[in-house]
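Notes follow the structure.
The values are calculated or read from the model by the stated rules, or taken from the named source; none is laboratory data. Just so it is clear, the structure is predicted and the values come from calculations on it, not from any experiment. Cβ sites come from the backbone with ideal geometry, for glycine too, and all protein chains shown count toward neighbours.
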Amino acid sequence: MERVVFAKLEGLRELIDERDAKYTERAHSSEKAIEKAEHAQGQYNQTHNDLLRKMDEQMPRKEIEARFTAMEEKIDNLQGGNQLRTGRDHGISLVWGIIIAVIASVPGLVAFVSMIK
């Protein structure tokens with residue numbers, strides 16, 4: 001009986017050692033993957049920072065913002081001028097409508113006046 005218990009304990013110890021080796025290997029693999037990912041992220045960050053620095057050397061952000069602001073103002077001015085032209089065109093159309101209405105009503109007035117006499 002004692003031998004059976006010792007055999008079972010020995011089997012459990014082997015199982016525990018086997019699992020411990022597996023978990024240690026997994027932890028080691030996980031650490032390697034983390035180190036590799038951190039290294040890749042570091043390289044990406046360095047490349048990204050180099051790109052940003054090159055872009056800033058070509059044209060600083062403040063200068064770009066100033067250009068965008070100037071472009072927005074020009075667009076606003078063009079839109080305002082377009083609204084002014086649209087309003088003027090509407091006014092001209094209204095005046096022509098009145099002129100045509102007056103001209104069209106002249107024969108009717110002449111006929112009315114000649115009927116009254």
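Observations on the model:
- Number of positions in the range 48-62 that are surrounded by 10 or more Cβ atoms within 10 Å (Cβ to Cβ) and either of a type outside the set (D, E, K, R) or outside any helix (DSSP H, G or I) (or both): 7
- Pairs with Cβ under 8 Å, 6+ apart, first in the range 86-107 and at pLDDT below 80, second in a helix (DSSP H, G or I) and hydrophobic (A, V, I, L, M, F, W, C): none
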